[in-house]
Amino acid sequence: MTTKETAAATTTKQAAARQRAFAQLDATFRSGVTRPLRWRKAQLDAMARMLRQNATVIARAVRADLGKPAAETALMEIGLVLDEIRFIRPRLGRWAARHPKPMHYLLQPAVGWTVAEPKGVALIISPWNYPVLLSFEPMADAIAAGNCVCMKPSELSPHTSGVMADLIARYMDPQAFRVVQGGPQETTKLLEQPFNHIFYTGGGKVGSIVMAAAAKHLTPVTLELGGKSPVFVDHTANLDVAARRIAWGRFINAGQTCVAPDYVLATSDVIEPLAGKIAEAVTRFFGSDPQHSDSFGRIINARHFDRLTALLPDPKSPATGRTVCGGNTRRDDLYIAPTVLLGVKPDAPVMQEEIFGPILPILEVADAKAAVEFINARPRPLAAYAFTGSKRVRRMFEREVSCGALGFNLPLGHLISSRLPFGGMGASGMGSYHGKAGFLEFSHVKTVVGKPAVPDTLSLVYPPYDGLKKILISAVSHTPRVR
């Protein structure tokens, strides 16, 4: 057999395996095994037990992929998934129960209610930056809703993906949950299957591909995409607190967070001191040489490293700004120092795309109104933040800034709460999850109505429409008589 024939045979086998995997999950769902609340709770308990018993193994895998500190993995990944499970498990019965709804008086006597039913087999395509959180949190919501799940973790975090595949096979129901590993080709082929819901977290370019593939099967999608999340700071803010919180939100996970502050808009009276205080916070968090800090991570791979270094200031181009702190890099270590930039112009390369790394440009604006106009002139971000003590400015941001979520004096806060829906709009995504929002995202809310056969009150509006019925219809519909 030639090399070409061998490759073709391998591709055929892989396609057959994907089809068998989907067929198995679909058969499991159709058998009804996932619908009882007892099964759902048992699987959530298994997931929680899996995470607790293997926290060290998981943290080591994430560190091997991202250089992420174990404490960060525990706080921002494993801990948040466990919080989600603790929140949704005791509420499942209430969410999944019938919810009575009043019926129109013309239909009386009659009853109506809604009930949330599982959609079926969900495909979850997760990213590399928070490989545990952004795989298991939507999976927990899908389980709570009663679905089977096919998970496709990122090939860019292979250590974590391998560990997750092994643990899911060991702890979870193998007939209801599958992990498919591989690169873009595997993802493309998976999208050919008629899943009942697709949940994708990642970039907008791939998000468009996912949505186009889903359209072929009329499959509903959830897209969590990202974007350039802005921060506004004015003179009424506590600059010390603002600097620390912005530095934490920007540089956690080496800046590779979808809702991290992407750039800062500051008024002229605070821009210089704010930049200096953020630089001081960086030193406080990571020491004078963050490369040797156990609390600072690394860039995922060389491609992203090269992309990020191209965004750093160019001495030949004043519009790219100047470095307040950081700027040093080590390609062999995939290290980019926490970097703060001043003097950046709106047309600089660093302002043309989501940075997704430890670089923070600070731009000057005249006031809050100018900041709002600047933000709204660009694609809608996944999050926006404002550090201000002014109620008027807060109201302005809440009323006029269109974004996935808005935080006052706090970045990333909505990411942490299971009580708050998490999602974007427009360029930053569609749909939302966390807590009840996640349960509903993976459910179809079905309307059910019922009416007794006797008395048959509908006889009052059955054809033929004689004179008396025309008068009655006109009266109950509040419309003039039609002649």
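The values are calculated or read from the model by the stated rules, or taken from the named source; none is laboratory data. These figures come from a predicted structure and were not determined experimentally. We place every Cβ from the backbone using ideal geometry, glycine too, and count neighbours over all the protein chains shown. Surface areas here come from the heavy atoms of the whole protein model, side chains and all, with no ligands, DNA or RNA. Shrake-Rupley method; radii C 1.70, N 1.55, O 1.52, S 1.80 Å.
Within segment 175-189, take every residue that is under 21 Å from residue 29 (Cβ atoms) and open to solvent by 70 Å² or more (accessible area, probe 1.4 Å) and give me the one that is farthest from the chain's Cα centre (by Cα).
That would be 175.
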What is the one condition in (1) open to solvent by 10 Å² or more (accessible area, probe 1.4 Å); (2) in contact with a Pro (Cβ under 7 Å, 6 or more places away or on another chain); (3) of a type outside the set (A, V, I, L, M, F, W, C) that residue 147 does not satisfy?
(1)
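If you take the residues in segment 43-73 that are open to solvent by 50 Å² or more (accessible area, probe 1.4 Å) and aliphatic (A, V, I, L, M), which one is nearest to residue 140 (Cα to Cα)?
By that ranking, first place goes to 57.
If you check 283, 257, which single one turns out to be under 18 Å from residue 339 (Cα atoms) and surrounded by 22 or more Cβ atoms within 10 Å (Cβ to Cβ)?
On the way: 283 fails: surrounded by 22 or more Cβ atoms within 10 Å (Cβ to Cβ).
When all the criteria are applied, what remains is 257.
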Exactly one condition in (1) touching a helix residue (DSSP H, G or I) at 6+ places or on another chain (Cβ under 8 Å); (2) part of a helix (DSSP H, G or I) is not met by residue 161; state its number.
(1)
From 417, 432, which residue is at pLDDT below 95 and either surrounded by 14 or more Cβ atoms within 10 Å (Cβ to Cβ) or of a type outside the set (Phe, Trp, Tyr) (or both)?
417
Checking 374, 356 in turn, the sole residue that is surrounded by fewer than 20 Cβ atoms within 10 Å (Cβ to Cβ), in contact (Cβ under 8 Å) with a residue 24 or more places away in the chain and of a type in the set (Phe, Trp, Tyr) turns out to be 374
Just wondering, is there one or more residues in segment 117-127 that are in a strand (DSSP E or B), within 21 Å of residue 356 (Cα to Cα) and under 15 Å from the mean Cα position of the chain (by Cα)?
yes
A careful count of residues in segment 302-345 that are under 22 Å from residue 130 (Cβ atoms) and open to solvent by 30 Å² or more (accessible area, probe 1.4 Å) gives 5
Residues satisfying the stated conditions in segment 384-396, i.e. crowded, with 22+ Cβ neighbours inside 10 Å and over 14 Å from residue 235 (Cα atoms):
384, 385
Anything in segment 74-129 that is touching a residue at least 12 places away in the same chain (Cβ under 8 Å), closer than 15 Å to residue 443 by Cβ, of a type outside the set (A, V, I, L, M, F, W, C) and open to solvent by 20 Å² or more (accessible area, probe 1.4 Å)? List them, or say none.
91, 93, 98, 99, 114, 117, 119
Exception for residue 64 within (1) in contact (Cβ under 8 Å) with a residue 40 or more places away in the chain; (2) within 25 Å of the chain's Cα centre (by Cα); (3) within 17 Å of residue 442 (Cβ to Cβ) falls at (3)
Can you tell me which residue in segment 266-304 is nearest to the chain's Cα centre (by Cα), limited to those that are in a helix (DSSP H, G or I) and of a type in the set (D, E, K, R)?
303
Residue selected from segment 459-480 under the condition in contact with a helix residue (DSSP H, G or I) (Cβ under 8 Å, 6 or more places away or on another chain) and either within 30 Å of residue 121 (Cα to Cα) or hydrophobic (A, V, I, L, M, F, W, C) (or both), by the criterion most open to solvent (accessible area, probe 1.4 Å):
460
Select from segment 151-162 the residues that are in contact (Cβ under 8 Å) with a residue 60 or more places away in the chain and surrounded by fewer than 23 Cβ atoms within 10 Å (Cβ to Cβ) and write down the one among them that is farthest from residue 65 (Cα to Cα).
162
Can you confirm whether residue 28 is assigned to a loop (DSSP other than H, G, I, E, B), in contact with a Ser or Thr (Cβ under 8 Å, 6 or more places away or on another chain) and at pLDDT 95 or above?
no
Quickly run through segment 190-226 and pick out the residues that are open to solvent by less than 10 Å² (accessible area, probe 1.4 Å) and of a type outside the set (A, V, I, L, M, F, W, C).
197, 207, 222, 224, 226
